[in-house]
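*Asks:* My structure is below; once you've seen it, I'll send some questions.
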Amino acid sequence: MQLDCTELGMVMTIVKTSKDTNGKSLEMEWVLSPNSGGTPIHIHPVAIETYEIISGELEVYKKDKWITARAGEKITIEKGEPHTFKNTTDEFVRVYNTHQPALEFENFFKGLQKFSKSGLVKDGKMSFKSIVGISTLWTNYSKEIVSVNPPSFMMRLLGALGRLTGINFK
């Protein structure tokens, strides 16, 4: 299943669903656009995430520093470890990404596609309304993903505002 989030600079293809792995993992292949950002710095409270670079280069924030990962390299993010990623090159980067266990990550990424297609993101730029929208998504999946920067309490407040005003991605 392909999840088109081109407005956010990425297309994700789910390779193995939670059902395929009996809940052990969600496995995806991403294609990140040139010079595209990732996510706010965040943690996965109970999941391990891996990035295996298929082609290109990926910048990964881990242990308070940025690491450049190249084709053939793999980076593992442990439970509770703050991280994010970005593509700072003029080339597309392909990444094999896993989350273990799968939890509800598949639904989170489906919600991310809905957010991406909602019209709230214009030319890759986030407005206050789009920040409220993405906050609803993240706080709907707090077992899977928790923001570190911006602080999680800020995301929870913005997520509550979004739900009160009819903006909600799940």
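*Asks:* Which value, in Å², gives the accessible area per residue of the chain when a 1.4 Å probe is used on the protein heavy atoms?
*Replies:* Spelled out: the 1.4 Å probe surface of the chain, per residue, equals 50 Å².
*Asks:* Moving on. Using the alpha-carbon atoms, what tilt in degrees (0 to 90, nearest 10) does helix 105-117 show relative to the longest principal axis of the chain?
*Replies:* 70 degrees
*Asks:* Between ASP64 and PHE153, 0.36 nm times their residue separation minus their Cα-Cα distance comes to what?
*Replies:* Gain in length upon complete extension: 30.0 nm.
*Asks:* Moving on to the next point. Mind running the shape call on the range 1-51? Use the C-alpha gyration tensor, a ≥ b ≥ c as the square roots of the eigenvalues: rounded below 1.5 for a/c, prolate if a/b tops b/c, oblate otherwise.
*Replies:* Oblate is the answer for the range 1-51, as a/c is 1.5 or above yet b/c matches or exceeds a/b.
*Asks:* For LYS114, list the lysines whose Cα falls under 30 Å from its own Cα; do not include residues on the same chain fewer than 8 positions away.
*Replies:* Straight-line reach from LYS114, under 30 Å: LYS16, LYS19, LYS24, LYS62, LYS74, LYS79, LYS86, LYS122, LYS125, LYS129, LYS143, LYS170.
*Asks:* Next question. Can you tell me the 0 to 90 degree angle between the C-alpha axis of helix 128-140 and the longest principal axis of the chain, rounded to 10?
*Replies:* The helix 128-140 is inclined about 70 degrees to the chain.
*Asks:* What's the FRET efficiency of SER127 with ASN22 using the Cβ-Cβ distance as r and R₀ = 35 Å, to the nearest 0.05?
*Replies:* 0.30
The values are calculated or read from the model by the stated rules, or taken from the named source; none is laboratory data. Model, not experiment: these values are computed from the prediction. A quick note on method: Cβ atoms are made from the backbone with ideal geometry, for glycine too, and the neighbour counts reach across all protein chains shown. Heavy atoms of the whole protein, side chains included, go into the accessibility calculation; ligands, DNA and RNA do not. Shrake-Rupley method; radii C 1.70, N 1.55, O 1.52, S 1.80 Å.
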